[in-house]
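Working notes, structure below.
The values are calculated or read from the model by the stated rules, or taken from the named source; none is laboratory data. Keep in mind that this is a model prediction, so the values were computed, not measured. Cβ atoms come from the backbone with ideal geometry, glycine included; neighbour counts cover every protein chain shown.
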């Protein structure tokens, strides 16, 4: 059987004659690098908190100023300051008219906000379809419709009432979507809170965002490795649905060597109490230690990897998820996290689309 999926496990170790001082230098560099990024994250976190508190204070001051500074008997419209402009009146349900006032500065800022008016190509990028440049190509290829009509202008300003369709699917923009990859350590549970007071993964990423995010899938308390957290409900539903067959690779450390007969049994399929389970690939992760196994699987059943080996009489001493939906923990040390790149987000959103269709 091909060992290609597990080259990470079988890669040769560095030559043991490497000087100790060189190893210590690398260790020192990693420590300094981590301290730098931890400090940077702390500063960004404090800046977000300060900005949020400042906005709340400003809003309270504005509200107080509007009521205290308004001349008696005057309405807000009658004392409207110079420099503001009134947008055209529009009809509401029931026929009543409403006038919205905005300063030129606020209007310009709103043009760059994901939920406001924006160019069509930017809208496609915010929806995770592609980059803005690639979105221009899609529009020129007449693959995007606006209100049922094929779009031809990448700079067309999207209105809140417009319906945008790409590949037969209506697109939406959600504010402040966050995607975080965490290298989960042991002894943390993947729930948002715990009545027993145990440590949760949210404690590890509390400085990453002020948004409320949720883990996709679960890793039990004694399992470490790749864990994705987000507030994107559509992506969560997609990656959790069995029809997409999301691949996961685990490194399993057993209490004893995995016998060749049991190795073959796992490859043929194991019957468990909730049905048969098939693995996609299996390999000895270390040629010198056959108690360390690499296993690739797409089943999302609860504790499935542990139950496979336990059904054959093995005790799983360590379980580490090294890949989830093509995402790895490369350059992310244990207990650390990083944001997903735009490219990674797009790949996740359109993963296995053709197969699913």
>> Would you confirm, using the coordinates I've provided, whether residue 193 is at pLDDT below 90, exposed (fewer than 13 other Cβ atoms within 10 Å of the Cβ) and under 28 Å from residue 37 (Cα atoms)?
In response: yes
> Within region 302-314, can you find the residues that are touching a strand residue (DSSP E or B) at 6+ places or on another chain (Cβ under 7 Å) and either in a loop (DSSP other than H, G, I, E, B) or closer than 24 Å to residue 243 by Cβ (or both)?
Replying inline: 304, 305, 307, 308, 311, 314
>> Would you confirm, using the coordinates I've provided, whether residue 53 is exposed (fewer than 11 other Cβ atoms within 10 Å of the Cβ), at pLDDT 75 or above and not assigned by TED's automatic domain parsing to the domain that holds residue 205?
In response: yes
>> For the structure I just gave you, tell me whether residue 151 is farther than 22 Å from residue 349 by Cα and surrounded by 20 or more Cβ atoms within 10 Å (Cβ to Cβ).
In response: yes
>> Given the criterion loosely packed, with under 12 Cβ neighbours inside 10 Å and in the same structural domain as residue 284 (by TED's automatic domain parsing), identify the matching residue among 233, 261.
In response: 261
> Does residue 340 satisfy the condition of being modelled with pLDDT of 90 or more, crowded, with 17+ Cβ neighbours inside 10 Å, closer than 24 Å to residue 126 by Cα and in contact with a helix residue (DSSP H, G or I) (Cβ under 8 Å, 6 or more places away or on another chain)?
Replying inline: yes
> If residue 178 passes every condition in (1) surrounded by fewer than 15 Cβ atoms within 10 Å (Cβ to Cβ); (2) within 25 Å of residue 46 (Cα to Cα) but one, which one does it miss?
Replying inline: (1)
> Got at least one residue in region 230-244 being in contact (Cβ under 8 Å) with a residue 40 or more places away in the chain, touching a strand residue (DSSP E or B) at 6+ places or on another chain (Cβ under 9 Å), assigned to a strand (DSSP E or B) and under 19 Å from residue 328 (Cα atoms)?
Replying inline: yes
> Given the structure, is residue 255 surrounded by fewer than 16 Cβ atoms within 10 Å (Cβ to Cβ) and either touching a residue at least 60 places away in the same chain (Cβ under 8 Å) or not assigned by TED's automatic domain parsing to the domain that holds residue 350 (or both)?
Replying inline: yes
> Just for region 210-230: of the residues that are surrounded by fewer than 18 Cβ atoms within 10 Å (Cβ to Cβ) and under 14 Å from the mean Cα position of the chain (by Cα), which one is farthest from residue 339 (Cα to Cα)?
Replying inline: 217
